[in-house]
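Asker: Just dropping this structure here.
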Amino acid sequence: MSEKTEDTGSGRQSNRAAASVQSVDRAVSVLEILARHGDAGVTEIAEELGVHKSTAFRLLGVLEARGLVSQEQDRGKYYLGPGVLRLAGAAASRLDISQEGAPVCRELAEEVGETANIAVLDDDAAVNIMQARGASSVTAQNWLGRRTPLHATSSGKALLAHQPKSVQESVLSRKLPRLTEHTVVSPAELRSDLRAVVKTGFAVARDELEIGLHAVAAPVRAHDGKVIGAISVSGPSYRLEEERLQEVAKRTMAAAQDLSRRMGYAY
């Protein structure tokens with residue numbers, strides 16, 4: 001008799017556990033439905049879940065109590081609440097661009113066969129924090145950890161173009177070093193370059209840091225849309241001539257979008 005009672009108790013615990021897991025799964029599904037549609041009524045949610053309206057009501061009640069969903073007073077529809085933003089912000093703050101960017105950087109380097117880098121803004125310079133080399137760049141220079149000037153590099157321009165005007169003018173108002181005969185040091189020309197970066201989605205540097213070195217970069221965004229880095233491809237000018245440079249620019253922008261998504265940004 002005692003063995004039967006023990007078996008029955010164990011079975012009930014197992015059933016309760018399964019029901020709890022199912023409830024969690026349904027609650028997550030509700031959040032995904034609201035994320036997909038923007039808002040939805042109880043009937044719509046119940047239909048998508050394949051449950052009775054009373055079950056959908058209970059799930060929405062729990063989520064609303066936790067601040068994960070809110071209800072419109074006039075139409076009665078539900079939408080994602082401020083609690084979701086809190087959780088998203090907490091998760092996004094833990095994302096590391098170098099960690100998330102490593103596979104993206106490697107894939108880009110393999111795809112184009114050149115050196116790919118990820119850089120972040122550090123005061124008045126761009127610092128390369130990640131590097132990967134493609135098949136054609138076995139003897140390429142090591143840029144990892146190197147600080148490079150904002151006005152003479154593709155990464156620097158991609159970063160500077162998305163900074164507040166005050167930051168841009170602070171950089172442009174200085175006497176900028178001319179590193180090669182092709183380095184742009186005129187504030188007016190640089191402003192034009194930065195506007196072009198915002199318009200096209202990528203920055204280019206042709207023989208501006210070093211003679212014989214071409215590069216292209218695209219901005220990487222965080223979950224809130226703020227530009228937090230740039231991913232670039234660089235190589236010798238004879239391999240990255242204009243037509244090839246434009247092709248690499250498209251692939252670099254695609255990689256930047258991929259990394260931005262990994263950092264929580266929704267396009």
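Asker: Run the accessible area of the chain with a 1.4 Å probe and give the carbon-and-sulfur part as a rounded percent.
Answerer: After summing per-atom areas, the C and S share lands at 50 percent.
Asker: Separate question: If you take every residue apart from GLU100 with its C-beta less than 10 Å away from the C-beta of GLU100, what net charge results, scoring Lys and Arg +1 and Asp and Glu -1?
Answerer: Every neighbour counted, the sum reads 0.
Asker: Which of [x] 74, 71, 33; [y] 90, 49, 32; [z] 70, 65, 32 is the computed Cα extents along the principal axes in Å for the structure on display?
Answerer: [y]
Asker: Can you tell me how the range 119-233 classifies by the Cα gyration tensor, rounded, prolate or oblate, using a/c under 1.5 as the rounded cut?
Answerer: Taking the square roots of the gyration eigenvalues as a ≥ b ≥ c, the range 119-233 is oblate.
Asker: Order the peptides 98-110, 233-245 from the highest to the lowest mean number of other Cβ atoms within 10 Å of their residues. Write down the numbers at each step before the final one.
Answerer: On the way: 98-110: 18.8, 233-245: 17.2.
Sorting 98-110, 233-245 by mean packing, highest first, produces 98-110, 233-245.
Asker: Hey, another quick one. Using helices alone, I'd like the mean residue ellipticity at 222 nm for the chain: each DSSP H run of four-plus residues gives -39500 (n - 2.57), total over residue count, nearest 500.
Answerer: Working: 9 runs with 135 residues, N = 267.
One gets -16500 deg cm²/dmol as the mean residue ellipticity at 222 nm.
Asker: Near the amide H of HIS214, under 5 Å away, which other amide H atoms are found, from residues 5 or more places off or on another chain, if H is placed in the peptide plane?
Answerer: ASP207, GLY235, SER237
Asker: Amide H to amide H under 5 Å from ILE129: which residues, 5+ apart in sequence or cross-chain, H placed 1.01 Å off N in plane?
Answerer: ILE118, ALA119, VAL120, GLY145
Asker: Each label point is 7 Å from the Cα along the Cα-to-Cβ direction; what then is the distance between the points at ARG262 and GLN246, in nm?
Answerer: Computed distance between label sites ARG262 and GLN246 equals 2.9 nm.
Asker: Where the centre of each part is set by its Cα atoms, how far does the range 30-88 sit from the range 227-248, in angstrom?
Answerer: Centre-to-centre (Cα) distance: 45 Å.
Asker: Against the longest alpha carbon principal axis of the chain, how many degrees, from 0 to 90 and to the nearest 10, is the axis of helix 53-65 turned?
Answerer: For helix 53-65, the angle is close to 60 degrees.
Asker: For the range 122-209, run through the trypsin sites (Lys or Arg not before Pro) and keep only the ones in DSSP coil with at most 16 other Cβ atoms within 10 Å of their Cβ.
Answerer: ARG146, ARG174, LYS175, ARG178
The values are calculated or read from the model by the stated rules, or taken from the named source; none is laboratory data. If you're wondering where the values come from, they're calculated on a predicted model, not measured in any experiment. Every residue, glycine among them, receives a Cβ derived from its backbone with ideal geometry; neighbour counts consider all protein chains shown. When the accessible area is computed, the model is the full protein with side chains, heavy atoms only, and any ligands, DNA or RNA have been set aside. Shrake-Rupley method; radii C 1.70, N 1.55, O 1.52, S 1.80 Å.
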